[in-house]
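The values are calculated or read from the model by the stated rules, or taken from the named source; none is laboratory data. This is a predicted model, so every value here is computed, not measured. Virtual Cβ from ideal backbone geometry, glycine too; neighbours counted across all protein chains shown.
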Amino acid sequence: MTAHTLDELRVLNTYAALPAPFYTRLSPQPLNAPRLLHANPEAAALIGLDRGALGTPEFLAVFSGAQPLPGGDTLAAVYSGHQFGIWAGQLGDGRAHLLGEVAGPQGRWELQLKGSGMTPYSRMGDGRAVLRSSVREYLASEAMHGLGIPTTRALALVVSDDPVMRETVETAAIVTRMSPSFVRFGSFEHWSARRQPDMLRTLADYVIDHDYPECRMPPAGEPADDKAPYVALLREVTRRTAELMADWQAVGFCHGVMNTDNMSILGLTLDYGPYGFMDGFRLDHVCNHSDSEGRYSWNRQPSVALWNLYRLGGSLHMLVQDVDALRAVLDEFEGIFTRAFHERARAKLGLAAWRPDDEPLLDDLLRLMHANHADFTLSWRRLSDAVRGERQAFEDLFIDRPAAGAWLDRLLARQAGDGRPPAEVAQAMDAVNPLYVLRNHLAEEAIQAAKRGDAGEIDTLLTLLRAPCQARPGYEKYAALPPDWASSIEVSCSS
Ligand code: AMP
Ligand code: MG
């Protein structure tokens, strides 16, 4: 059943049913003269809202912050976190408002405005988000989803002429995000740092009941134990986070700000800021110009994720009181990540099964791409051309073509050992190596058009990025190497 109006949605408020210290109830500060720049029918379908509801005055009023979601309790949540490895203390939704939770045909989704004004957790911030960063978040959420990577979703992008001061004066926007939960690792750290085990337990029980009910089941043959669900929770978050890191690494995605307050308890990609899909590959690529130490470089993402999981495990220790049990769970990370990454690499390389001696083949490709600063996405995508007998397009990506050619020989010899027909192998590779990714310069062009009130580029990108492996005639420029000006784009924490 689909709803034609927002009033027809079934709204729950499970987060608002938590004790008062978890959040502050308050209204957003609406944008002045808001305009709906874009709405996402795919996300709307998840909550059972039909297309006809997307352009209505009611829709604009709710998602510009002027009216509450009918039946929803609007609030900003508190959390804490480690930022760039340093304990930052209390943070929280400084510019986001949770509108409520919708029970849709495809599960339960919390709806959250981002850029909707100041809250008690705004610290020095103005509570706003600029158009530029809002377009980037809107596009990236859907691009990740198109790649099959767990992520929060984006429902609507509302803009206004309200000025916002950043390095220059920009204009304000609000993105409506959707997620089954916006709880972060930092939500747990908040209560353990304050030495409030009762609140920590309330949060952990909420997350388990809401998102991880299977964690209540004792493992087969073991007696029920009141601490086991919290260990099981850490195990499942560890598994999902390790898988997520394999996903990110496999598509050359850099998050940019992997602080513990940006780590989803559901293992979703969360809080798109200065992220980047790599163009030219560097193992130690840093996408965030504010990250001068390179803490969150591409090759460090998996180990940072584990570091962040240690902070979560440290918080759960207050409930579990068993270091060995928690450490045993965290020790599973490396194996899960490595297996998951090898599985993705296996498919990308067109191999029937991963063998331990494939590791040098993969490492040497990455080393070669790094040394030649070869385009990440096209280096993978053009492997299938080589399998079809057209080697030049791949070799052209490398300054050292003989080295690229020699590596290709090794891959083709390895594939030949599988005995599968090359055409079939090439087709399977094209199904996992995307052609279209949200390169910085593509996002930038969509932003420039959006500033003129034109959402056409957003629309085009969403169409391509929803099926990123499927080549579409006429859209070659979206799959091409970036133009020279792309290297001068700087993305920073300013948003
Ligand atoms: P981020 O690194 O963007 O995830 O943000 C870290 C913290 O700063 C979170 O608590 C945000 O809510 C807060 N924050 C970021 N930008 C602003 C802003 N313009 N106004 C208020 N709070 C902000
Ligand atoms: Mg954040």
Meets criteria (in the same structural domain as VAL175 (by TED's automatic domain parsing), at pLDDT below 95 and more than 17 Å from ARG177 (Cβ to Cβ)) for PRO105: yes
Output for Cβ contacts, cut-off 8 Å, separation at least six or different chains, first residue within 22 Å of GLY417 (Cβ to Cβ) and in the same structural domain as PRO434 (by TED's automatic domain parsing) in region 384-396, second in a loop (DSSP other than H, G, I, E, B) and modelled with pLDDT of 95 or more, reads SER384/GLY350; SER384/ASN433; ASP385/ARG391; VAL387/GLY350; PHE394/ARG382
If you go through SER122, SER133, the only one that is of a type outside the set (A, V, I, L, M), within 16 Å of ligand 2 (Cβ to nearest atom) and part of a helix (DSSP H, G or I) is SER133
Counted residues in region 456-467 being touching a residue at least 60 places away in the same chain (Cβ under 8 Å) and buried (at least 20 other Cβ atoms within 10 Å of the Cβ) come to 4
Residues of region 42-58 being assigned to a helix (DSSP H, G or I) and aliphatic (A, V, I, L, M), in sequence order, are ALA43, ALA44, ALA45, LEU46, ALA53
In region 246-275, anything more than 15 Å from ligand 1 (Cβ to nearest atom) and out of contact with any Ser or Thr (no Cβ under 9 Å at 6 or more places or on another chain) is listed as GLN249, ALA250
Just one listed residue, out of SER290, SER303, SER297, is of a type in the set (S, T, N, Q), within 16 Å of ligand 2 (Cβ to nearest atom) and assigned by TED's automatic domain parsing to the domain that holds ARG195, and it is SER290
Given the conditions (1) assigned to a helix (DSSP H, G or I); (2) within 16 Å of ligand 2 (Cβ to nearest atom); (3) in contact with a Pro (Cβ under 6 Å, 6 or more places away or on another chain), every one holds for MET245 apart from (2)
Flagged pairs (Cβ under 8 angstrom, 6 or more apart or on separate chains; first in region 470-495, more than 24 Å from TYR272 (Cβ to Cβ) and at pLDDT below 95; second in a loop (DSSP other than H, G, I, E, B) and within 16 Å of ligand 2 (Cβ to nearest atom)) are none
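Please return the ranges of strands (runs of 3 or more DSSP E) entirely within region 59-100 where 3 or more residues are surrounded by fewer than 17 Cβ atoms within 10 Å (Cβ to Cβ) and either modelled with pLDDT of 95 or more or within 16 Å of ligand 2 (Cβ to nearest atom) (or both).
The qualifying strands (runs of 3 or more DSSP E) are 86-90.
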Note on GLU142: of the conditions (1) in contact (Cβ under 8 Å) with a residue 40 or more places away in the chain; (2) within 12 Å of ligand 1 (Cβ to nearest atom); (3) not in a strand (DSSP E or B), unmet is (2)
Boolean, ASP358 is farther than 23 Å from ALA250 by Cβ, outside the structural domain of LYS227 (by TED's automatic domain parsing) and more than 26 Å from the chain's Cα centre (by Cα) = no
Of those in region 101-119 that are over 24 Å from ALA450 (Cα atoms) and assigned to a loop (DSSP other than H, G, I, E, B), the residue nearest to ligand 2 (Cβ to nearest atom) is THR119
Of TYR206, TYR230, TYR212, TYR272, the only residue that is out of contact with any strand residue (DSSP E or B) (no Cβ under 8 Å at 6 or more places or on another chain) and within 13 Å of ligand 2 (Cβ to nearest atom) is TYR272
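Mind checking which residues of region 124-166 are on the phi > 0 side of the Ramachandran plot and either buried (at least 20 other Cβ atoms within 10 Å of the Cβ) or β-branched (Val, Ile, Thr) (or both)? I'd like the intermediate steps shown before the answer.
Taking region 124-166 and keeping what is on the phi > 0 side of the Ramachandran plot, we get 127, 148.
The one that is on the phi > 0 side of the Ramachandran plot and either buried (at least 20 other Cβ atoms within 10 Å of the Cβ) or β-branched (Val, Ile, Thr) (or both): GLY127.
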Only one of (1) farther than 25 Å from ARG166 by Cβ; (2) within 22 Å of the chain's Cα centre (by Cα) does not apply to HIS97, and that is (1)
Log entry, pairs with first residue in region 17-45 being free of Cβ contacts under 8 Å to residues at least 12 places away in the same chain, second being among the hydroxyl-bearing types (Ser, Thr, Tyr) and outside any strand (DSSP E or B), beta carbons closer than 6 Å, six or more apart or on different chains, reads none
Apart from one, (1) within 13 Å of ligand 1 (Cβ to nearest atom); (2) closer than 20 Å to LEU438 by Cα all hold for THR119; the odd one out is (2)
Is it the case, given these coordinates, that PRO30 is in a loop (DSSP other than H, G, I, E, B) and outside the structural domain of ALA305 (by TED's automatic domain parsing)?
yes
Residues of region 339-353 being surrounded by fewer than 17 Cβ atoms within 10 Å (Cβ to Cβ) and farther than 22 Å from MET278 by Cα, in sequence order, are ARG339, ALA352, ALA353
